[in-house]
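The values are calculated or read from the model by the stated rules, or taken from the named source; none is laboratory data. Keep in mind that this is a model prediction, so the values were computed, not measured. We place every Cβ from the backbone using ideal geometry, glycine too, and count neighbours over all the protein chains shown.
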Amino acid sequence: MYYIEKVDKLSWIEKIFKIIKIEENRIIVPIENCDDKEKIDKKQAIKLANKTHKLLEKVKSNKLVISKEIQKNSDYINALYSYGYDIVDGKWLFEAILNNILEYIVKEKKIQKEEMPIAVMVNNLTDYTLKNILSIAGEYKSLTIVTNHINKLQKVEEKIYEELGLRIIVSNNKKKSLSKTKIIINIDFPEELINKYNIFDEAIIINVCGNIKINRKRFNGIMINDYDVKFDNIDNISNYQKYFSKELYEAQFYKNIPFDSLKERIKKEHLEITGLYGLNGKIL
């Protein structure tokens, strides 16, 4: 795994020849000012990504963590994606720590769990999603799964009730299934599809799948599209201030880690949510 960050100050040689350096597990890219579009154009960004790719081929690394500043240069990032790298973005961790996020919301909004109905919007039911559903169902008033795959999920509904005694509701009623739900977890519904549902005006929507906007004038709820965290021993990571802590934390895991092992480690390392973000910055 390699960390990619910009050079602190360009020398004249680096500026002319666009020299990329490797220092231990860090790749230093000759981009001095990511905000100034005149400093590096699209053509230059693609060339730098190609040079980065050649270096990574030599060290046989496929997993990358990108600094905050470098992420501002979308041309460079998109070019890196085209090579098929596993670029850590915090999305996998987003779903894995849904319970932590719910606890943070409950605390900040002073919500009583036993009085709070929750809905999960999901079509592709992974093992992590299923285990999160089981955990959530045991703590909150009621849980509804909204899906286009009714038949498949109804089998899960029956199995959960038979084995654990937990009752959940599987539905795809666009008028009723989300009309009274105060917390909605959107796992993989795109914006176009979620906007076809009648959503409670004051709902808190957690969008695991990325940035989504509700296109209704009456909607006055909270849209959570991102988050940040803190955890023990972050100081042990070189130049950690240059990176998003959620990505530094996610980078420490293999994505096939068993769910229970992940939860155990999260608890042991005292992972905490430090903020939830919408389209215009921090909202909780």
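Worth pointing out:
- Listed by position, the helices (runs of 4 or more DSSP H) enclosed by the range 1-100 that each have at least 2 residues that are in contact with a Leu (Cβ under 8 Å, 6 or more places away or on another chain) and at pLDDT 90 or above are 42-59, 74-81.
- The listed residues are Leu153, Leu125, Leu130, Leu134, and the only one of them that is at pLDDT below 90, farther than 26 Å from Gly275 by Cβ and buried (at least 20 other Cβ atoms within 10 Å of the Cβ) turns out to be Leu153.
- Elements of type strands (runs of 3 or more DSSP E) in the range 145-243, at least 1 residues being more than 20 Å from Glu95 (Cβ to Cβ) and not acidic (Asp, Glu): 169-171
- Unmet requirement for Lys110, which otherwise passes all of (1) exposed (fewer than 15 other Cβ atoms within 10 Å of the Cβ); (2) modelled with pLDDT of 85 or more; (3) under 22 Å from Tyr197 (Cβ atoms): (3)
- Single condition Asp201 does not satisfy, out of (1) buried (at least 18 other Cβ atoms within 10 Å of the Cβ); (2) closer than 21 Å to Lys109 by Cβ: (1)
- For the range 86-102, a residue qualifies if it is touching a helix residue (DSSP H, G or I) at 6+ places or on another chain (Cβ under 9 Å) and of a type in the set (D, E, K, R), and the qualifying residues are Asp89, Lys91, Glu95.
- Gly84 being exposed (fewer than 15 other Cβ atoms within 10 Å of the Cβ) and within 30 Å of Asn62 (Cβ to Cβ): yes
- Out of Asn239, Asn207, Asn233, sole residue that is at positive phi, in contact with a strand residue (DSSP E or B) (Cβ under 8 Å, 6 or more places away or on another chain) and either without any contact (Cβ under 8 Å) to a residue 24 or more places away in the chain or surrounded by fewer than 17 Cβ atoms within 10 Å (Cβ to Cβ) (or both): Asn239
- The conditions of being closer than 27 Å to Leu279 by Cα and either free of Cβ contacts under 8 Å to residues at least 24 places away in the same chain or of a type in the set (S, T, N, Q) (or both) are not met by Lys180.
- The residue list Ile101, Ile97, Ile105, Ile31 contains one member that is more than 30 Å from Tyr128 (Cα to Cα), aliphatic (A, V, I, L, M) and either out of contact with any His (no Cβ under 8 Å at 6 or more places or on another chain) or assigned by TED's automatic domain parsing to the domain that holds Ile185 (or both), which is Ile31.
- Single condition Glu264 does not satisfy, out of (1) closer than 26 Å to Leu134 by Cβ; (2) in a loop (DSSP other than H, G, I, E, B); (3) more than 17 Å from the chain's Cα centre (by Cα): (2)
- Taken over the range 129-172, residues that are out of contact with any strand residue (DSSP E or B) (no Cβ under 9 Å at 6 or more places or on another chain) and of a type in the set (Val, Ile, Thr) amount to 1.
- For Lys246, the requirement of being in a helix (DSSP H, G or I) and surrounded by 14 or more Cβ atoms within 10 Å (Cβ to Cβ) is met.
- In this structure, Ile168 does not satisfy being surrounded by 14 or more Cβ atoms within 10 Å (Cβ to Cβ), modelled with pLDDT of 90 or more and assigned by TED's automatic domain parsing to the domain that holds Ile105.
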